[in-house]
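Only the coordinates and a few stated rules stand behind these numbers; no lab work does. These figures come from a predicted structure and were not determined experimentally. So basically every Cβ, Gly included, is an ideal-geometry build from the backbone, and we count neighbours across all protein chains shown.
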Amino acid sequence: MSVGRNDSCLCGSGKKYKKCCLDKDEAARRQASLSRSPRVIPPAVARTPASPIPRSPDPEKSPVSAIADAILLDFDNADLDGKLRICRSAMDNPEFWDEEAATEMLDPLHEALAKAERRPEFELLVGHMREQWPDVYRQIEHWVVPWLAEDALVAGARDSLRAHVGRMADLAEKQIDIVSRFIAQLRWHGDLDLLVALRERAWPTVRSSSDILSYAVDEFAHHGSKEIVFRALDRGEPVDDTSEAMTRVRAFFEEEPGPAFAARAATLAGTAKYLWTMQDLMLPAVAQRSDDEDSGSGETPAFEHVRDMLDQFRAYVRVKWDVPWSRADMMASEIGAYLFRRAKGRLGPRLSMLERVVNKAKPPRPFPPPEHVLCPDAKTLDMFVGRYFSIFGSCPYQAKSLVEGLPLWLGFLRERGLVDDTRHGGGMAALVETRRACVRLFEGMTDPALHGSASVLTEKLAPRSGS
């Protein structure tokens, strides 16, 4: 697969190709070219070479393009202070500064300033551009506002963050993918007030937008309604049919939420508890691959029982480990997605499209069934986490939720007698390599909340001694 200089790098780092693996790949290509033996044509089949086809000379670059290339080359080779000087100077050049130039410079500048702990300088730079080039700013605002919001989030600048969140809500109708990535960041940080404010402000345009797929609209409403319940629980407010929280929840539904939503709210509040046995929770250990992975078709009652238990897990993580509700929700959602995909046969070795069409190779041997249907295994976990870091973009907060949530999940299962110490230890061992790989990826990202050990609670959840 070819990749452009400005595309996301195929290695999954989240950086542009030119800022990541381009130099290494070009060096490898040069080495391969040097080491390649010349092709020898046997005399019996040698032919007189055909006359070369005349080739038009490459068009010369215009003076403006040549100047722009020189500016960007100087920018790429400069240190951080040099990059800032070149960027400020470029803003004064009307023949150079446009949407492309702004993105080429601001993207690496934000990353570099964040890692150097000089985030306020980025806001000053953007403010200068907004005043001098308002049209250019409007074209790239959907990229810039999440950077500014992250900087405010890290700095604890509440008023600035609130303003950026409001602007993100206004952009949701046309930029739902970018807004959703920012929402994942807010969910990890656990700011329910801002999450609810963003969703309630954006909901009228999201609901009526023709640019957003229906499943994304439903997901937006689903999470918005849950976050209202989470905030009410944190405030000690009721979540019954006549409560203010349920009035706000109804705004996200065309019909009454119904008894299923009320039952979930009761489980989260701890007023409804269920005692499950493994017989209730026996997801398929080996399943036929289902192309309709997200539907409920073909599901056994165990799937719904596990969903109910994941609600108990959300409350367990919030109460026992003091994890913010929205982060606990992310943990439970990603764990459920992993377990259900595996149970539906979606996490196994498979042939590529090329192998299926051209080679017609036999299907690869499936992975062995997991030792426990509720515990992770290393092979399918690695495959599942890989989808968070693809050529289409990365989802670091979802990955972080999974690798931090699984140790808590295993502790939750053990406390309820659903796994013994041996199964618990096996599940923890399955996490090791995947967690290590994620930590390396997280270290290259600009939000310090992603850095460090993938699970600060691992030691506390180790097998009990003497048991």
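In table form, for the structure just shown:
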item: At most 12 other Cβ within 10 Å, DSSP loop - GluC sites (Glu not before Pro), segment 210-266; result: 254, 255
item: Stretchable slack from residue 420 to residue 219, in nm (0.36 nm times residue separation minus alpha-carbon distance); result: 68.8 nm
item: Distance between modelled label sites at residue 350 and residue 378, nm, 7 Å Cα→Cβ extension; result: 2.4 nm
item: Fully extended contour minus Cα-Cα distance, from residue 116 to residue 254, at 0.36 nm per residue; result: 44.9 nm
item: Computed over segment 152-217: relative contact order in percent, which uses C-alpha pairs under 8 Å that are six or more apart; result: 36 percent
item: Gained length - residue 274 relative to residue 451, 0.36 nm times residue gap less alpha-carbon distance; result: 60.1 nm
item: Neighbour-limited loop hits for trypsin sites (Lys or Arg not before Pro), segment 79-143 (at most 16 other Cβ within 10 Å; DSSP other than H, G, I, E, B); result: 118
item: Electrostatic dipole magnitude of segment 148-266 [Cβ: Lys, Arg +1; Asp, Glu -1; Cα centre; debye, to 20]; result: 220 debye
item: Charge dipole (debye, nearest 20) of segment 362-430; +1 at Cβ of Lys and Arg, -1 at Cβ of Asp and Glu; result: 320 debye
item: In segment 157-259, the trypsin sites (Lys or Arg not before Pro) that fall in loop regions by DSSP, at most 15 other Cβ within 10 Å; result: 174
item: Alpha-carbon centroid distance for the pair segment 187-246 / segment 83-161, whole angstrom; result: 30 Å
item: Simple label model, 7 Å out from Cα along Cβ direction - residue 65 to residue 81, nm; result: 3.6 nm
item: Cross-link pairs beyond the 26 Å C-alpha cut-off, checked among 379/400; 83/115; 115/320; result: 115/320
item: Electrostatic dipole magnitude of segment 107-177 [Cβ: Lys, Arg +1; Asp, Glu -1; Cα centre; debye, to 20]; result: 140 debye
